1. List the residues, sorted by chain then number, that are 5 or more residues from residue 90 or on another chain and whose placed amide H is less than 5 Å from its amide H.
2. Would you please give the residues with an amide H less than 5 Å from that of residue 140, counting only those at least 5 places away or on a separate chain, with H modeled from the backbone geometry?
3. Amide H of residue 70 versus every other amide H placed in the peptide plane: which residues, excluding those fewer than 5 positions away on the same chain, fall under 5 Å?
4. Could you give the length gained on full extension between residue 387 and residue 123, defined as 0.36 nm per residue of separation minus the Cα-Cα distance, in nm?
5. Please give the contour-minus-distance gain from residue 366 to residue 51: 0.36 nm per residue of separation, less the Cα-Cα distance, rounded to one decimal in nm.
6. Could you sort 101-108, 354-361 so that the peptide with the highest average Cβ count within 10 Å comes first and the rest follow in order?
7. Can you pull the percent of the range 64-137's accessible area that's carbon plus sulfur, 1.4 Å probe, other chains left in place?
8. Pull out the extension gain between residue 552 and residue 97, defined as 0.36 nm times the separation in residues minus the alpha carbon to alpha carbon distance; nm, one decimal.
Amino acid sequence: MTPNRLTHLLLLFWALFGCLQATYAQVTLIESVDHYPIGQQVAVLEDAAQRLQTLQDILPDSMQRRFVVSQQRIINRGFTTAAYWVRFDLNNRSASKQPWLLDVAFGNYATVDLYVCSKRTGQVMHKRGGDWLGRPGREIDAPTYVFHLPVSPGESYTVYLRLVSTHGQVIIPLNIWQQDAFMRSTQLSGLFWGLYYGFMVAVFLYHLTLLLFTPRRHYLLLTTYIGAYLLYELNRGYFLGVRYLWPGNIWLINYALSTTFAVATASFLLLYNAVLNLRLVAPRQQQLLYGLLGLTAFSWLVSVVRPPGVSPNLVITAMGTLCGTFVIFLGGYSWYQGNQPARYYFLAALALFLGVLIHSFNRAGALVSPSFFVQYALNIGSVFEFVFLTFGMADTIREERRQQKRFEQEQAAAIEAAEWRGLATERERVASEMHDGIGSSLLTLRQLIRGAQASPDHANSLSQIEQLVQNAYDEVRKVVNNLMPTEFAKKGLQATLQELIDTLNLAHQTEFYLLLPPHELPLKVGDQYQLLLIIVELVNNIIKHAHATEASIRFITTTECLLVLVRDNGRGLTQVPTQSAGRGWANIRQRLRDLNAAVEVEPQAEQGTRITVRVPVSSAGRI
């Protein structure tokens, strides 16, 4: 084959290919078909600078030659801020009186301009739609943009569409429907979205109710996330937000999607930080999570400022992919480390991520399928996500209660063991002192009594006996007043209390904070021991009953008294403890009387408790 002949064949091939493209850029309507997906029967022109704004701008031959026939069933130009023109020839060979509808089946367009040009008369019919026009922007009340096609039987038309995206993503699923067929399809879609929104609202109200009756940080974060995700869903899918809640509000139309996404992402990350307890289990991963929170805020700012050429939907997709991948890793890692509730959080994140992945492939045209599971993959993934999150939250609460009960049992056992050790030590010391001091005095007293019976000088003998009895009495008081551990007498109140707080904080249940004065307390050692027993009893009450996450013990010294402030952020008291409040409070009141001290209790139900112990310095003694 000669080179000239090969060249002629190539030219002939390209000529035939051009004719074939021109043939495909047209649609013929017949009565027996009620639905036409026309993505591969139209030609597309990209307007990157959005300068071609009217029909007159694209009618010149130079512009017409820039139209390229689409090869995609669903036209997908990805993330772009360009405007797009679509052109196709329409031949109405149907004799049916059923109206024909043109459906632009993607709901995020700021403006949609439709031009229907009659080939016979040259008349041009112009219709406008899009979110920026509010409710008039949808000629037919539907989640997408649907126009009545003003076409007569036997006539031919050239149809032009101009589309400007709201969020920087261009997908153009074009369909021509007979009106009855479109209404049937819309009813099925509306039924599904109604069930989906109903499920979302039910889950939100369920967790909101739990939050109101069980005010826990986990429930607050989960409820916030579900609420933010629900608002995000109002901006896509069935588009209830732009259609009914804020129609025509340009700011919300432009920024509600990125704002609700940012809030949902931030609450999602904070939720996983809390339920996986990253602060204690994985502090390095927590720092990365905080970094993602900062990146989420920055991405929201970018989507609001909208630098030229930057697609907000691209920013959202990138952040969603990054955060989803990281959270899946966190859930799997925590599950691997033995955190059993984490298996639900791992499955929840995985379900949502798979839904987003399938949805993105479908939107990109890489996974074109009419399957229900493909078309609604994101919805199905989010449903499974919230089911798994609900199970995970319940399992987390059960695990925390088991740990709290185990902690209380360990603390009670430790306190009881310490009390028994102290009691045994005190018994040994008391026995030794009574044997050496009081026992010796009583033995001497017996001898004096025997001598007095045999001595004529009874007065002198009775005086000696009286003095010995006084000495024995003083010895008994000394023993009683010194009933405290020898170790405490050496360390004092401040060091002993600091050791107790350090030991309690190792359990990572209630975080105790101790604020001590820089100088010695103006109390005698015996009074310090009584004050320690009071504080220990108050700490026991916090551990057993308050269910607090934080508590503090603060000492304040003045010229008149010593103040001890004990606070917690737990359940709080509904009333001031009375005389019948229990043995613990009875012991506290008895020791307060011994110190000539007073106590003030400020009960604040569900807001924690503040207790102030006031010990007068004058009655407490000096250093």
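1. Close amide H contacts, sequence-distant or interchain: 27, 157, 158, 159.
2. Those lying under 5 Å, H to H, from residue 140 are 146.
3. The answer is 42, 43, 44.
4. 89.4 nm
5. Length difference between fully extended and current span is 110.3 nm.
6. Going by the mean number of other Cβ atoms within 10 Å, highest first, we get 101-108, 354-361.
7. Here carbon and sulfur together make up 50 percent of the probe-accessible area.
8. Here the segment from residue 552 to residue 97 would lengthen by 155.7 nm.
The values are calculated or read from the model by the stated rules, or taken from the named source; none is laboratory data. Note that the coordinates shown come from a computational prediction; the quantities given were computed from them, not determined experimentally. Cβ: placed from backbone, ideal geometry, glycine included. Neighbour counts: every protein chain shown. Calculation scope for accessible area: heavy atoms of the full protein, side chains included, ligands and nucleic acids excluded. Shrake-Rupley method; radii C 1.70, N 1.55, O 1.52, S 1.80 Å.
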